[in-house]
1. Please arrange 245, 311 by how many other C-beta atoms lie within 10 Å of their C-beta, fewest to most.
2. Which value does Rg/Rh take for the range 134-244 over its C-alpha atoms, Rh per Kirkwood?
3. Based on a Kirkwood Rh over C-alpha pairs, give the Stokes-Einstein translational diffusion coefficient of the range 199-337 at 20 °C and viscosity 1.002 mPa s in µm²/s.
4. Taking neighbour Cβ counts within 10 Å as the exposure measure, how do 99, 322, 121 sort from fewest upward?
5. Obtain the nm distance between the two label points defined at residue 316 and residue 177 by a simple spin-label model: each point lies 7 Å from its Cα along the Cα-to-C-beta direction.
6. Fully extended, how many nm does the chain gain between residue 275 and residue 83 (0.36 nm per residue separation, minus their Cα-Cα distance)?
7. What is the fewest-to-most order of 309, 223, 2 by other Cβ atoms lying within 10 Å of their Cβ?
8. Tell me whether the chain comes out rounded, prolate or oblate; compute the Cα gyration tensor, take square roots of the eigenvalues as a ≥ b ≥ c, and use a/c under 1.5 as the rounded threshold.
Ligand SMILES: [Zn+2]
């Protein structure tokens, strides 16, 4: 079984739609006394370290072919210049890709992902987590598109000019008019709209106005683990009806209320496949953004343990390949091109 799982993992294109590793490269986001969020700007991504969860050697060890890197300036932990912070993070991303160009290459399309993987490199995609970074100007989305960003979440838990977040528990708010304009512009530009961190009302507003499929880049099933960052069955059905995909988040509190394990993550995958079939679930680890990890998924090098568990539960190779990245790739091909 082990051997078969590792063969399947090796053959599959593995895609992870969310990590916060760029934050670990920005001194203003790091915390000196916390090994998870210690400043790695001096170390970079090319060196294997035991800090946090993601670096390039560990991406290879984990067999990850395409990793999304989130650019974020969450208000709760942010210096007062969201746009400038985002631009600095994008610069850190490209600097790391240049420094390690034999191993990792930025990708802005399905074809560029294939190209990078064909050369034996990790394809690195840029996403935005919380469109606070556009500072209220929808036009800035076009600039971020030019800079290589291909996925955008409207909000990062706390309300901004575009939408209410999941932490705005009392407001009942969804998308603002500016948020609706942003969705139109994102779809026009070929950028994937991300529902993770949106309020429930925001989710339904988005499903109302979105013309194409959307992603939940790092959210699980609320029926399996009752957390507001996870999606209800009704939401999962609506997302799937629209051709969307969910990336499974490894944050222990989103996986299981008391005992998060690899099996717990796969329980969410089981539930979603039972609900809407095998075409709408993938991986969105949230590595380097979560305070601790499930047992058996201590960092990105442990990604193959998901495959082992899927194989153990009797999923076919075709299904496993879809979950590991095939579904995300379909969405990327369809929305981004
Ligand atoms: Zn997040």
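Since every read-out is calculated from the coordinates, none of them should be taken as a lab result. Here the structure is a predicted model, which means the values were calculated and not measured. Glycine also receives a Cβ, built like all others from the backbone with ideal geometry; neighbour counts cover every protein chain displayed.
1. Values: 245 29, 311 21.
Sorted ascending by nearby Cβ count, the order is 311, 245.
2. Values: Rg = 13.2 Å, Rh = 13.9 Å.
When Rh is taken as the Kirkwood radius, the ratio is 0.95.
3. Values: Rh = 15.0 Å.
Taking Rh from Cα pairs, D becomes 143 µm²/s.
4. Numbers: 99 14, 322 24, 121 20.
In order of increasing Cβ crowding within 10 Å: 99, 121, 322.
5. For the pair residue 316/residue 177, the computed spacing is 5.1 nm.
6. Working: separation 192, 0.36 × 192 = 69.12 nm, distance 3.94 nm.
Difference between extended and current length: 65.2 nm.
7. Lowest count first: 2, 223, 309.
8. Numbers: a/c = 1.35, a/b = 1.10, b/c = 1.22.
Rounded.
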